[in-house]
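Participant: Below is a structure I'd like to ask you about.
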Amino acid sequence: MHTFEQLQKKAIEIIEKEAYSKAPVSLYEPVDYAIHQGGKRLRPLLTLLAADLFSADIEQAVKPAIAVEMLHNFTLVHDDIMDASPLRRGKPTIYQKYGTNKAILSGDVMYALSYEYLLECEKEKIPALTKTLTSVLIKVCEGQALDMDFEERTDVKKNEYITMISLKTGILLAGALKMGAIIAGAKGEDMNLLSEFGLYAGIAFQLQDDILDCWSDLSDFGKVVGTDIADNKKTILYLTAMEKADEEDRNTLSRLYFEKTLDLQQKIKDVKAIFEKYNVREDVQTMTKQYMDLALSSLEKISVEEERKENLKIFIDQLLNRKK
């Protein structure tokens with residue numbers, strides 16, 4: 001069994017050593033930039049953690065780990081275009097640096113490359129790995145579609161938001177874990193429980209991300225703080241505030257989100273003031289902890305020795321206490 005630190009270091013190293021320097025440069029340079037922008041490498045780490053959980057040779061999980069990170073970064077390249085995001089991990093987003101057309105095309109080849117990595121795995125594992133990655137991508141796209149739909153709606157409910165982030169964020173963590181479990185030849189029930197763990201952890205991750213977007217420093221977070229408010233994203237913070245606020249504050253919050261001519265910094269300040277008036281941050285932190293507990297409950301039911309689960313418990317703890 002490996003330590004958490006060993007697997008974390010491995011997850012970073014296997015991504016950093018990959019190079020995409022072939023011709024045409026206009027296609028592959030943005031890929032290289034995207035994949036080497038840094039980041040926590042949570043998804044490849046989860047693939048390695050899952051393989052190690054079931055006592056597999058983690059070297060066999062390296063290609064699926066790279067595949068899932070490549071797919072994740074592909075979705076970010078296209079998401080940043082749709083959201084008009086200027087920064088990703090504290091650096092210019094791909095479309096800002098290279099232009100929208102090159103970003104779209106480079107994103108497309110990243111999608112193809114993720115499958116190319118899977119084709120280097122053991123032959124008998126390829127169908128299950130491919131099916132998992134394909135299912136993940138479909139669900140991520142469904143989640144992104146819901147996210148965009150919510151921008152135009154005034155009646156989004158908290159349960160709908162949880163569904164959306166489970167598709168857009170949770171399913172990718174669940175899929176990363178499942179791919180490691182496939183490599184390890186885990187039993188079906190254990191694989192399902194591990195996927196549940198990833199799904200709940202992913203929901204908690206996104207709820208925490210919503211908090212950090214509102215209350216964080218650019219130097220810590222790596223993205224412009226307040227973007228969700230600026231983009232009128234109906235995050236769990238907004239939905240919780242709308243649920244708790246009196247009629248006057250609900251009307252004010254609605255106006256702040258739907259008027260297009262407001263000063264941006266003043267808008268962010270006014271929205272945060274309403275969030276703070278109704279203790280929205282504390283409520284969402286409680287909700288985050290509830291999903292963490294659900295994740296741990298699923299982990300407890302997996303039929304491996306308790307000490308082998310320790311690394312995933314460390315993962316959950318770090319997720320809950322992160323600043324970026």
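Participant: Can you find a residue that is touching a residue at least 40 places away in the same chain (Cβ under 8 Å), crowded, with 17+ Cβ neighbours inside 10 Å and within 16 Å of the chain's Cα centre (by Cα) anywhere in the range 21-33?
Facilitator: Looking through the range 21-33, none of the residues is touching a residue at least 40 places away in the same chain (Cβ under 8 Å), crowded, with 17+ Cβ neighbours inside 10 Å and within 16 Å of the chain's Cα centre (by Cα).
Participant: Being among the β-branched types (Val, Ile, Thr), over 25 Å from Asp155 (Cα atoms), within 20 Å of the chain's Cα centre (by Cα) and crowded, with 16+ Cβ neighbours inside 10 Å: is that true of Ile236 here?
Facilitator: no
Participant: When the residues of the range 83-108 are filtered to those that are surrounded by 17 or more Cβ atoms within 10 Å (Cβ to Cβ) and hydroxyl-bearing (Ser, Thr, Tyr), which remaining residue is nearest to Leu137 (Cα to Cα)?
Facilitator: If we take residues in the range 83-108 being surrounded by 17 or more Cβ atoms within 10 Å (Cβ to Cβ) and hydroxyl-bearing (Ser, Thr, Tyr), then Ser106 is nearest to Leu137 (Cα to Cα).
Yes or no, residue by residue, for (1) in contact (Cβ under 8 Å) with a residue 24 or more places away in the chain; (2) among the basic types (Lys, Arg); (3) out of contact with any strand residue (DSSP E or B) (no Cβ under 9 Å at 6 or more places or on another chain):
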residue: Asp283; (1), (2), (3): yes, no, yes
residue: Ser303; (1), (2), (3): yes, no, yes
residue: Arg308; (1), (2), (3): yes, yes, yes
residue: Asn321; (1), (2), (3): no, no, yes
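Participant: Looking at Lys309, Lys289, Lys272, can you tell me which residue is more than 19 Å from Leu199 (Cβ to Cβ) and either aliphatic (A, V, I, L, M) or not in a loop (DSSP other than H, G, I, E, B) (or both)?
Facilitator: Being more than 19 Å from Leu199 (Cβ to Cβ) and either aliphatic (A, V, I, L, M) or not in a loop (DSSP other than H, G, I, E, B) (or both) holds for just one of Lys309, Lys289, Lys272, which is Lys272.
Participant: Let me ask something additional. Give the number of residues within the range 294-305 that are over 19 Å from the mean Cα position of the chain (by Cα) and assigned to a helix (DSSP H, G or I).
Facilitator: 4
Participant: Restricting attention to the range 55-65, and to residues there that are surrounded by fewer than 24 Cβ atoms within 10 Å (Cβ to Cβ) and among the aliphatic types (A, V, I, L, M), which single residue is nearest to the chain's Cα centre (by Cα)?
Facilitator: Taking the range 55-65 as the starting set, the residues that turn out to be surrounded by fewer than 24 Cβ atoms within 10 Å (Cβ to Cβ) are 55-60, 62-63.
Cutting the leftovers down to among the aliphatic types (A, V, I, L, M) gives us 56, 58, 62.
Values: Ala56: 25, Ile58: 23, Val62: 20 Å.
Checked the range 55-65; the qualifying residue nearest to the chain's Cα centre (by Cα) is Val62.
Participant: A further question on this structure: Would it be correct to say that Lys233 is among the basic types (Lys, Arg) and either in contact with a His (Cβ under 6 Å, 6 or more places away or on another chain) or in a loop (DSSP other than H, G, I, E, B) (or both)?
Facilitator: So Lys233 passes the test.
Participant: Taking the criterion of being modelled with pLDDT under 95 and hydrophobic (A, V, I, L, M, F, W, C), would at least one residue in the range 293-313 satisfy it?
Facilitator: no
Participant: Right, something else. If Ala103 satisfies every condition in (1) closer than 27 Å to Lys301 by Cα; (2) touching a residue at least 40 places away in the same chain (Cβ under 8 Å) but one, which is the exception?
Facilitator: (1)
Participant: Name the single residue, out of those in the range 129-155 being of a type outside the set (Asp, Glu) and not in a helix (DSSP H, G or I), that is nearest to Pro64 (Cα to Cα).
Facilitator: The extreme case among them is Arg153.
Participant: Take the residues in the range 254-275 that are within 13 Å of Ala241 (Cβ to Cβ) and under 26 Å from the mean Cα position of the chain (by Cα); name whichever of them is modelled with the lowest pLDDT.
Facilitator: So the residue we want is Tyr257.
Participant: How many of the residues making up the range 250-266 are surrounded by 10 or more Cβ atoms within 10 Å (Cβ to Cβ), farther than 17 Å from Thr235 by Cα and of a type outside the set (S, T, N, Q)?
Facilitator: Number satisfying all stated conditions: 3.
Participant: Checking the condition surrounded by fewer than 22 Cβ atoms within 10 Å (Cβ to Cβ), within 26 Å of Gln6 (Cβ to Cβ) and either in contact with an Asp or Glu (Cβ under 7 Å, 6 or more places away or on another chain) or aromatic (Phe, Trp, Tyr) (or both), which residue from Tyr117, Tyr111 passes?
Facilitator: Tyr117
Participant: Just the residues that are over 19 Å from Leu49 (Cβ atoms) and among the polar types (S, T, N, Q), please, taken from the range 181-207.
Facilitator: Gln206 - this is the single residue of the range 181-207 that is over 19 Å from Leu49 (Cβ atoms) and among the polar types (S, T, N, Q).
Participant: Mind listing whichever residues of the range 236-261 are touching a helix residue (DSSP H, G or I) at 6+ places or on another chain (Cβ under 7 Å) and in a loop (DSSP other than H, G, I, E, B)?
Facilitator: Ala245
The values are calculated or read from the model by the stated rules, or taken from the named source; none is laboratory data. It should be emphasised that the depicted structure is a prediction, and the values quoted were computed from it without experimental measurement. All Cβ positions, glycine included, derive from the backbone under ideal geometry; neighbour counts span all protein chains shown.
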